1. Would a scan of the range 33-52 turn up a residue that is of a type outside the set (Asp, Glu), modelled with pLDDT under 95, under 20 Å from Glu522 (Cβ atoms) and out of contact with any helix residue (DSSP H, G or I) (no Cβ under 7 Å at 6 or more places or on another chain)?
2. Kindly provide the set of residues from the range 496-548 that are over 30 Å from Glu49 (Cα atoms) and not in a helix (DSSP H, G or I), ordered by number.
3. Of all residues in the range 291-302, which are more than 26 Å from the chain's Cα centre (by Cα) and open to solvent by less than 40 Å² (accessible area, probe 1.4 Å)?
4. Would you check which residues across the range 312-331 are in contact with a strand residue (DSSP E or B) (Cβ under 7 Å, 6 or more places away or on another chain) and either surrounded by fewer than 15 Cβ atoms within 10 Å (Cβ to Cβ) or outside any strand (DSSP E or B) (or both) and list them?
5. So which residues in the range 333-352 are open to solvent by 20 Å² or more (accessible area, probe 1.4 Å), assigned to a strand (DSSP E or B) and out of contact with any Ser or Thr (no Cβ under 8 Å at 6 or more places or on another chain)?
6. Please specify each residue of the range 27-77 satisfying the condition of being within 20 Å of Gln88 (Cβ to Cβ), acidic (Asp, Glu) and surrounded by fewer than 19 Cβ atoms within 10 Å (Cβ to Cβ).
7. Can you list residue pairs whose Cβ atoms sit under 6 Å apart, with the first residue in the range 427-448 being free of Cβ contacts under 8 Å to residues at least 12 places away in the same chain and the second being of a type in the set (Phe, Trp, Tyr) and surrounded by fewer than 16 Cβ atoms within 10 Å (Cβ to Cβ)? Count only pairs 6 or more apart in sequence or on different chains.
8. Report, ordered by the first and then the second residue, all pairs with beta carbons closer than 8 Å, sequence separation of six or more or different chains, a first member in the range 457-482 that is over 28 Å from Asn153 (Cβ atoms) and of a type in the set (Asp, Glu), and a second member that is open to solvent by 80 Å² or more (accessible area, probe 1.4 Å) and modelled with pLDDT under 95.
Amino acid sequence: MDFQDLFKLRPVYAFDVNNGKISYVMRDKIPSVYIHGEGKVPLEDVYAEDVEWITDKKLAIIGDPGGSEKREIYIYDRNKVFPLLKDQYDNFGTYFINEDKFLFISNRDGKTLHLYLYDKGDIIQVSKGDDPVESYCLSPSKKRVVYSQGIYNNDLYVYDLDRGEVISKISYPNSEETVSLYCFKDEDNFLFISNKDNYFDIYNFNIGKGEISEVIKSEHEKYEVVHIANKIIYTEDVYGDFKIKIHKGNELVTEGFNSYLTPDQDYVYYIGSTYNRHFDLYRVNIFTGKIERLTNSMDDIKGDFVKPKVVKYESEGGIEINALLYEKGGEDKGVVYIHGGPDWECTNSFNPEIQFLVDRGFKVICPNYRGSTGYGRRFNHLNDKDLGGGDLKDVINSAKLLGVKKLAVTGASYGGYLTMMAVTKYPDMWCSAAAVVPFVNWFTEKKFEREVLQQYDEIKMGNDENLLRDRSPIFFIDNIKSPLLILAGENDPRCPAEETRQVIEKLKERNIEVEYKIYEDEGHGFSKIENYVDSIKRVVEFIERHCK
């Protein structure tokens, strides 16, 4: 594989299926909508993000112009696309009740993300309070909706759409309760996920009786669950492999990062990726276990792709940290690759940046630092009020496993933040560094990031000014010794481009060389194919050039 091959990659980002008819969002020049077997939907100059069948001929599309997270809702009908809900707000996560009525999530109150009902042009707020809605699902009759609301302490609400009121609530202290899109077993029973006992486990709630029963419990996280043909299908995260399993049955899919479980007829459809294949749409027959791949993200691209292996090491405080290690053997230089989030993890999925680095003689480690997902609620909260502290030490300690003479560091989003922390707090370690869509100043980040992240950061980091200053790389820019590359998106609402500009201005004042690029019409990540390819090429070549 070479950089030109990246133009051929066509990963699938989202999809929907209705009685075997499939639509999906696939990368083209920009993320675009396709109907399987029919072709491309004519939606121009909008980054497609999600799709939903309303009828077997009518399609709802979520689009995001410029990546600014002011998403719009469109309708595709009779070979034409027209806007249904297009205003200054962020509107997404639709579920259509009929052609004129649908549920969706929006920030239209200006404070957080709420659940709303669109009814023939009227918009009714369903969820109340100050906390954001994270997920929801609709009953078979489409008269009841269950939604999860909160940040790290989510409760579940059962809402009767006819009566316009909450009829049940599930709440455990200091835990998160969430639902998948297809959570209902029947009108009175739905499946939900809770980490009240540390790991995300699966439970059943009977609405009429108000009774909760345990369904699936294990020492691994469960992230999605659906009910189909009296079978419970779920994903279980085992050290970065999101396996798809049948309750009291076999493993249907044993490796890779697999998500968006969607039942239809005798199949569960899903998007899956492994270290050697990008995200494709698959379906698995729940009776035979046969797996079919329905798209071709790789266009027959071949490469000497390296499978990561799970490694463990001890960090500060005697905490055990898991990581994914990529190596061919004999490397004398390495890269610490820092995942974003921080509520995320290293997964066994296709990462062209890592594969390019390995192909150029680098050993690469991706640490699941404290605060990562995948290892239970307690581990996920070990970096509370300590972002850029203990998690940074976990990142630094991961470098010891590489055992190389020259070392680079890179990451995106929160990984970009920790990259900047690494080069300012541990400046002598690195031969080069590449920070992608980072933030660098807690004071300006908390002021200008989008509203729901402001809520999140209040809980996760707090307001101690001394701590915020100590954990803001912008105040320690003079410490940087390694060559630095920074990439940002002009319209990013999560880590605004202003964060990158602060670094550029500071370094220019001190005549310190910095390479940078702020991509126009891009948000938190790069959607245009030329920008996506350019960003990967810049990071890989920059690290290689300065770490020979």
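The values are calculated or read from the model by the stated rules, or taken from the named source; none is laboratory data. Since we're looking at a predicted model, the values are computed, not measured. FYI the Cβ positions are ideal-geometry reconstructions off the backbone, even for glycines, and counts take in every protein chain you see. For the accessible areas, the whole protein counts, side chains as well, though only heavy atoms, and no ligand, DNA or RNA atoms are used. Shrake-Rupley method; radii C 1.70, N 1.55, O 1.52, S 1.80 Å.
1. yes
2. Matches in the range 496-548: Arg510, Asn511, Ile512, Glu513, Val514, Glu515, Cys547, Lys548.
3. Looking only at the range 291-302, we keep the residues that are more than 26 Å from the chain's Cα centre (by Cα), and these are 300, 302.
Scanning the range 291-302 gives no hits.
4. Of the range 312-331, the ones in contact with a strand residue (DSSP E or B) (Cβ under 7 Å, 6 or more places away or on another chain) are 312-315, 320-327, 331.
Correct list: Lys312, Glu314, Glu320, Glu327, Glu331.
5. Once the filter is applied, which keeps residues that are open to solvent by 20 Å² or more (accessible area, probe 1.4 Å), assigned to a strand (DSSP E or B) and out of contact with any Ser or Thr (no Cβ under 8 Å at 6 or more places or on another chain), the range 333-352 yields only Lys333.
6. Passing the criteria: Asp45, Glu69.
7. No pair meets every condition.
8. These pairs meet every condition: Asp478/Arg510.
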